[in-house]
Amino acid sequence: MAHVAGIPIDELCTLYRTQFGVLYKYERGEDTQRGKVYDATGRLIPSTVRTAWNKAGRPEYGLSVADRTYETPEGRQITALEPFRILDREADMREAYAAFAERMEQGVYQPGVYEGVNGA
């Protein structure tokens, strides 16, 4: 939609940072108590694991199994798999924006026609 409306990617990223500042802060993991951090499987890690990871200096690998293991409300023991990932929605938006720009240049993407819908 941004391509059709002529909105540059830098403006989209600025809109995200300024209009959704709290979300931006949480998704980037900047709030050490409420930041969203995910393990290698895409699971949101709980605060106990996130706290241990923060205290260890946010290592890519090397957090002990004990520090990465937590119990679900159902009583299951889960060990979060490293590396942990903090969302970078800006990088994701830039990647998607570039992919759609390339499709439009190649004539592959047609605004209003959605992939996988109605056989398109």
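Which residues, taken from the stretch 18-47, are of a type in the set (Ser, Thr, Tyr), modelled with pLDDT of 75 or more and either farther than 20 Å from Glu90 by Cβ or surrounded by 11 or more Cβ atoms within 10 Å (Cβ to Cβ) (or both)? I'd like the intermediate steps shown before the answer.
Step one: list which residues in the stretch 18-47 are of a type in the set (Ser, Thr, Tyr), which gives 18, 24, 26, 32, 38, 41, 47.
Next, from what is left, pick out any that are modelled with pLDDT of 75 or more: 18, 24, 38, 41, 47.
Scanning the stretch 18-47 gives Tyr24, Tyr38, Thr41, Ser47.
Considering only residues that are under 30 Å from Thr14 (Cβ atoms) and modelled with pLDDT under 95, which ones fall in the stretch 54-90?
Asn54, Arg58, Glu60, Phe84, Arg85, Ile86, Leu87, Asp88, Arg89, Glu90
Taking Tyr16, is it in a loop (DSSP other than H, G, I, E, B), aromatic (Phe, Trp, Tyr) and out of contact with any helix residue (DSSP H, G or I) (no Cβ under 6 Å at 6 or more places or on another chain)?
So Tyr16 fails the test.
Determine if the stretch 27-49 includes at least one residue that is in a helix (DSSP H, G or I) and under 30 Å from Met104 (Cβ atoms).
yes
Among the residues of the stretch 48-92, which ones are aromatic (Phe, Trp, Tyr) and exposed (fewer than 14 other Cβ atoms within 10 Å of the Cβ)?
Matches in the stretch 48-92: Tyr61 only.
The values are calculated or read from the model by the stated rules, or taken from the named source; none is laboratory data. Please read these numbers as outputs of a predicted model, since none were measured by experiment. Here the Cβ is made from the backbone with ideal geometry for all residues, glycine too, and neighbour counts use every protein chain on show.
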